[in-house]
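Engineer: Just passing along the structure, written as structure tokens.
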Amino acid sequence: MRVLNYLELEDRLDRSGIATSVDHQRQALADAGVDVVRSPWTDGHPGWAVGGKLAFDDPVFETYDVAHCNMIGPGSVAVARHAKRNDIPLVLHAHVTREDFRGSFRGSNLVAPALGEYLQWFYSQADQVLCPSEYTKGVLEDYPVDAPIESVTNGIDTEPLQGFENYREEYRDRYDLEGMVVFAVGSVFERKGLTTFCELAEQTDYDFAWFGTYDDGPHGSDAVRKWTSDPPENVTFTGWVEDIRGAYGAGDVFCFPSKVENQGIVVLEAMACGKAVVLSDIPVFREYYEDGHDCLICSDQGEFREALERLEADPELRERLGENATATAREHGLDRVGDRLVEVYEGLV
């Protein structure tokens, strides 16, 4: 089977969770023996630019049995139109929702309502919509999206995390971190609980570190610019780190007070590294994880603070949560992702 697995604007999204999810898909499909095509265009030409209009002529497009798109822009629209014209099964992967778009950058809340209408139209073209969780499936059904919707985990690739322990001293020394380090990983957005993260730091004596990029320019939200320009004394914003293993090596308790997630790959990464994980009480985390077993789930800032205090006082609790979290991460292995995607493709073909 020859499958197009397309990520529009791939070069600009290389540090995003979406790109990580697509990497997982491609690796899982390759392991499952699927012939994966990454670009729909012959000779690298974007189809919508040919002739100054949306072009759907066969010479513009590669040949494939299934089209699987992971973004929502004009290139993905062109692929969708071409697939429908040529009876090629179309899978649209809903990594983007109106809900998780809010709170991402300056002006995103104003754009979100119009985005929701566009997403309803775009995803409804699919023969099959895939999304990372049952929570996201419910969100899309409420739009409503007029296409079958199924959830499939983004999965976790543990290979790039191997040896993370060896980076502990280097990264703790680099960022002057001591004691029980509370940390987060990924792009710094208010939606991901930035204010809660920083206010927790102000109320405690632990070192806090957020490993990930942030926009402190005109596109950055007011909250991001406020906290990154003048962080609490015990908070470090590292910006981009060249090896993510350093983040998971340096940190002890993964604190992720996110307001909205479709799944949260960084949570699975922290779990795969055996870290104690403290999460916000949102539907997708309740769907995948169990409070007191593989994580601690908190409904407000006070509960987050109490959770951190418990974990500092009880190293055995940290160890037990970390061991169970590692087992949970194994349930999201790439072999399961590959099997599920192949099952979907074969059903459509």
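Engineer: Please list, ordered by first then second residue, the pairs with beta carbon atoms under 7 Å, 6 or more apart or interchain, first in region 152-165 and closer than 9 Å to CYS273 by Cα, second open to solvent by 40 Å² or more (accessible area, probe 1.4 Å).
Structural biologist: Pairs found: LEU161/ARG245; PHE164/ARG245.
Engineer: Turning to a different aspect of this structure: Restricting region 334-349 to residues that are open to solvent by 10 Å² or more (accessible area, probe 1.4 Å) and within 18 Å of the chain's Cα centre (by Cα), which is farthest from ILE265 (Cα to Cα)?
Structural biologist: ARG336
Engineer: Output the qualifying pairs, or none if there are none: Cβ atoms under 9 angstrom, residues six or more apart or on different chains, first residue in region 72-94 and buried (at least 20 other Cβ atoms within 10 Å of the Cβ), second residue among the basic types (Lys, Arg).
Structural biologist: Here the result reads LEU90/LYS84; ALA94/LYS137, each pair linking region 72-94 to a residue that is among the basic types (Lys, Arg).
Engineer: What's the total number of residues in region 131-182 that are open to solvent by 50 Å² or more (accessible area, probe 1.4 Å), touching a helix residue (DSSP H, G or I) at 6+ places or on another chain (Cβ under 6 Å) and farther than 30 Å from THR236 by Cβ?
Structural biologist: Qualifying residue count for the region: 2.
Engineer: Follow-up question, since we're still on this one. Taking GLU319, is it surrounded by fewer than 15 Cβ atoms within 10 Å (Cβ to Cβ), modelled with pLDDT of 95 or more, out of contact with any strand residue (DSSP E or B) (no Cβ under 7 Å at 6 or more places or on another chain) and under 30 Å from ASP35 (Cβ atoms)?
Structural biologist: Details: surrounded by fewer than 15 Cβ atoms within 10 Å (Cβ to Cβ): yes; modelled with pLDDT of 95 or more: yes; out of contact with any strand residue (DSSP E or B) (no Cβ under 7 Å at 6 or more places or on another chain): yes; under 30 Å from ASP35 (Cβ atoms): no.
Considered against the rule, which asks whether it is surrounded by fewer than 15 Cβ atoms within 10 Å (Cβ to Cβ), modelled with pLDDT of 95 or more, out of contact with any strand residue (DSSP E or B) (no Cβ under 7 Å at 6 or more places or on another chain) and under 30 Å from ASP35 (Cβ atoms), GLU319 comes out as no.
Engineer: Can we say LEU279 is at pLDDT 95 or above, over 30 Å from ASP87 (Cβ atoms) and not in a helix (DSSP H, G or I)?
Structural biologist: yes
Engineer: Test each condition in (1) surrounded by 23 or more Cβ atoms within 10 Å (Cβ to Cβ); (2) of a type outside the set (Phe, Trp, Tyr); (3) over 11 Å from GLU190 (Cα atoms) for THR228 and report the one that comes out false.
Structural biologist: The failed condition is (1).
Engineer: Right, another one. Answer with yes or no whether VAL260 is under 22 Å from SER151 (Cα atoms), in contact with a helix residue (DSSP H, G or I) (Cβ under 9 Å, 6 or more places away or on another chain) and open to solvent by 20 Å² or more (accessible area, probe 1.4 Å). So that I can check it myself, show each step before the final result.
Structural biologist: Details: under 22 Å from SER151 (Cα atoms): yes; in contact with a helix residue (DSSP H, G or I) (Cβ under 9 Å, 6 or more places away or on another chain): yes; open to solvent by 20 Å² or more (accessible area, probe 1.4 Å): yes.
So VAL260 passes the test.
Engineer: Could I ask something else about it? Taking the criterion of being at pLDDT 95 or above, part of a loop (DSSP other than H, G, I, E, B) and either open to solvent by 10 Å² or more (accessible area, probe 1.4 Å) or closer than 30 Å to ASP216 by Cα (or both), would at least one residue in region 100-109 satisfy it? It would help to see each step written out before you state the result.
Structural biologist: Here is the first cut: in region 100-109, the residues at pLDDT 95 or above are none.
No, region 100-109 contains no residue that is at pLDDT 95 or above, part of a loop (DSSP other than H, G, I, E, B) and either open to solvent by 10 Å² or more (accessible area, probe 1.4 Å) or closer than 30 Å to ASP216 by Cα (or both).
Engineer: Yes or no: ARG305 closer than 18 Å to LYS192 by Cα and either open to solvent by 10 Å² or more (accessible area, probe 1.4 Å) or assigned to a helix (DSSP H, G or I) (or both)? If you could, list the steps in order and put the result at the bottom.
Structural biologist: Values: closer than 18 Å to LYS192 by Cα: yes; either open to solvent by 10 Å² or more (accessible area, probe 1.4 Å) or assigned to a helix (DSSP H, G or I) (or both): yes.
It is true that ARG305 is closer than 18 Å to LYS192 by Cα and either open to solvent by 10 Å² or more (accessible area, probe 1.4 Å) or assigned to a helix (DSSP H, G or I) (or both).
The values are calculated or read from the model by the stated rules, or taken from the named source; none is laboratory data. None of the values given here were measured: they were computed from a predicted structure. Counting neighbours? That spans all protein chains shown, and the Cβs are built from the backbone with ideal geometry, glycine included. We work out accessible area using only protein heavy atoms, side chains counted, and drop any ligands, DNA or RNA first. Shrake-Rupley method; radii C 1.70, N 1.55, O 1.52, S 1.80 Å.
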